[in-house]
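Let me begin by presenting the structure, written as structure tokens, before commenting on it.
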Amino acid sequence: MNIWNIKKPKILYGIQTTGCGHLGRALEMVPKLQKRAHVDVVLSGPENDFELPFEVQYRFKGLGFILGRGGNIDYLQTLLDASLPKIYSEGRTLPVKDYDLVITDFEPISAWAAKINKVPCIGFGNQYAFAHKNSFFYQRSQQLHRFFIQFFAPCHRSIAIDYKTEKPDLFSPIIRSQIRSIIPSEGRHYTVYLNAYNVEEVEAVLMGFPQISWHVFSSRIKTKSQKGLITYFPINQSCFVESVASCRGVITGAGFSSTSETLFLKKKLLVVPTKLQFEQKANARVLRKMGVNVIPNFTKRYTNAIKYWLEEALPLEVDYPENTDQLIDRIFELVEEVRADLQKK
């Protein structure tokens, strides 16, 4: 029986809250899924100020990376912060057998609950491109990286989202409707979002460009303030989007969604990938190949590279068409394949 012939099939949709990319995609995916099915939402990961226009049924601590000084991941603190028995316990509380399908945007608790209970699970996102042989990420990643992706949020089938989609079965980035509706302008400031760095580290570099106006966003900033031509902002999605939409360029990490949206808005981009984070390292490689400027660290050592970017770099021309409906259609196609496989076992 095709589950999409059911009047109101039930879907459990898992969202990883590390960063804003997964949440941003949910803004587009969940409302469209709700037109075709009953959808319950799972959030896991660190607290996030991202406002969602739909109800969240399940909220867990989950897994997340802890950032240290100098733009690197603190793996020791990450391990200390993770409670694997609690994660297993959280997964057991999810009534996944009540659902016809689990969709995971790299969210581990719903993914593992589906795997254990043999409920069809489809994963989608940039991370799954590491296991997709048509993706540039697959060619550049190591077997250990692919194992991590498949272990962290396992699924029966996956859909890869990539910057470049010339090959079959790759989807271009999902751009939020809020971003698509913007008419970009070019003001005087540059927008900086390097959350892996302390504010003092960022400021030390920016002070080398006293004639440039900067908007600096960080979770470490609690109130808006100004120092010279540097304006500091706490993380706020509306304020950040407004800053990017009207800036001359963006300096940020190699997060997939933030860089995709910057490219879509035709803003020039300088990328500083988070150290020891293989996903960001891979993103940076693809972006460099596309023509984006990349520096390994945001320190005074790279002042000349930053100056060159400010004076010479130009925005890229990319085309990221609206594709959410096509992605959902592909998910529905894969469900029946998974159901057939599970029935054989």
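Checking each residue in the range 261-282 for being crowded, with 19+ Cβ neighbours inside 10 Å, in a strand (DSSP E or B) and in contact (Cβ under 8 Å) with a residue 40 or more places away in the chain picks out K268, L269, L270. If the condition is being farther than 18 Å from G21 by Cβ and either in contact with a helix residue (DSSP H, G or I) (Cβ under 6 Å, 6 or more places away or on another chain) or outside any helix (DSSP H, G or I) (or both), then the range 306-322 contributes A313, L314, P315, L316, E317, D319, P321. Could you tell me how many of the residues in the range 197-227 are open to solvent by less than 30 Å² (accessible area, probe 1.4 Å) and without any contact (Cβ under 8 Å) to a residue 12 or more places away in the chain? Number satisfying all stated conditions: 0.
Looking at the structure I just gave you, is S89 assigned to a helix (DSSP H, G or I) and either touching a strand residue (DSSP E or B) at 6+ places or on another chain (Cβ under 9 Å) or at pLDDT 95 or above (or both)? If you could, list the steps in order and put the result at the bottom.
On the way: assigned to a helix (DSSP H, G or I): yes; either touching a strand residue (DSSP E or B) at 6+ places or on another chain (Cβ under 9 Å) or at pLDDT 95 or above (or both): no.
No, not satisfied.
Kindly indicate whether T303 is touching a residue at least 40 places away in the same chain (Cβ under 8 Å), part of a strand (DSSP E or B) and of a type in the set (S, T, N, Q). No; evaluated as a whole, the condition is false for this residue.
Evaluate the range 100-119: report whether one residue or more is of a type in the set (S, T, Y), at pLDDT 85 or above and touching a helix residue (DSSP H, G or I) at 6+ places or on another chain (Cβ under 8 Å). Within the range 100-119 (the criterion being of a type in the set (S, T, Y), at pLDDT 85 or above and touching a helix residue (DSSP H, G or I) at 6+ places or on another chain (Cβ under 8 Å)), the answer is yes, since at least one residue qualifies.
Being open to solvent by less than 40 Å² (accessible area, probe 1.4 Å) and either more than 14 Å from S260 (Cα to Cα) or over 19 Å from the mean Cα position of the chain (by Cα) (or both) is the filter here, so list the residues in the range 283-304 that pass it. So that I can check it myself, show each step before the final result.
The first filter runs over the range 283-304 and keeps only residues open to solvent by less than 40 Å² (accessible area, probe 1.4 Å), leaving 283-284, 286-287, 292, 294-295, 297-298.
Answer for the range 283-304, where residues must be open to solvent by less than 40 Å² (accessible area, probe 1.4 Å) and either more than 14 Å from S260 (Cα to Cα) or over 19 Å from the mean Cα position of the chain (by Cα) (or both): V294, I295, N297, F298.
Select, from I159, I122, the only residue that is at pLDDT below 95, open to solvent by less than 10 Å² (accessible area, probe 1.4 Å) and within 30 Å of E337 (Cβ to Cβ). Spell out the reasoning first.
On the way: I122 fails: at pLDDT below 95.
After applying the criteria, what remains is I159.
Suppose the filter is charged (D, E, K, R) and closer than 25 Å to Y128 by Cβ; does R301 pass it? So R301 does not fit the description; no. Among the residues making up the range 232-246, a single one is farther than 20 Å from N48 by Cβ and out of contact with any helix residue (DSSP H, G or I) (no Cβ under 9 Å at 6 or more places or on another chain): S246.
Filtering the range 248-293 to residues that are under 21 Å from S172 (Cβ atoms) and among the aliphatic types (A, V, I, L, M) leaves V250, A254, L263, L265, L269, V271, A282, A284, V286, L287, M290, V292. When R180, R176 are screened for being among the charged types (D, E, K, R) and touching a Gly at 6+ places or on another chain (Cβ under 7 Å), only R176 passes. Of the residues examined, D325 is one that is among the charged types (D, E, K, R), open to solvent by 50 Å² or more (accessible area, probe 1.4 Å) and outside any loop (DSSP other than H, G, I, E, B).
In this structure, does I251 turn out to be within 19 Å of the chain's Cα centre (by Cα) and either of a type in the set (A, V, I, L, M, F, W, C) or within 21 Å of W214 (Cα to Cα) (or both)?
Yes.
Quick check on this structure: which one of S219, S246, S238, S260 is touching a Pro at 6+ places or on another chain (Cβ under 8 Å) and modelled with pLDDT under 95? Every option except S219 fails the conditions. The selection criterion, being more than 15 Å from the chain's Cα centre (by Cα) and either among the basic types (K, R) or modelled with pLDDT under 70 (or both), holds for S141.
The values are calculated or read from the model by the stated rules, or taken from the named source; none is laboratory data. Quick caveat, the model's predicted, so the values are computed rather than measured. Quick reminder, even Gly has a Cβ in these numbers, built from the backbone with ideal geometry, and neighbours come from all protein chains shown. In case anyone asks, the SASA skips ligands and DNA or RNA and just uses the protein heavy atoms, side chains included. Shrake-Rupley method; radii C 1.70, N 1.55, O 1.52, S 1.80 Å.
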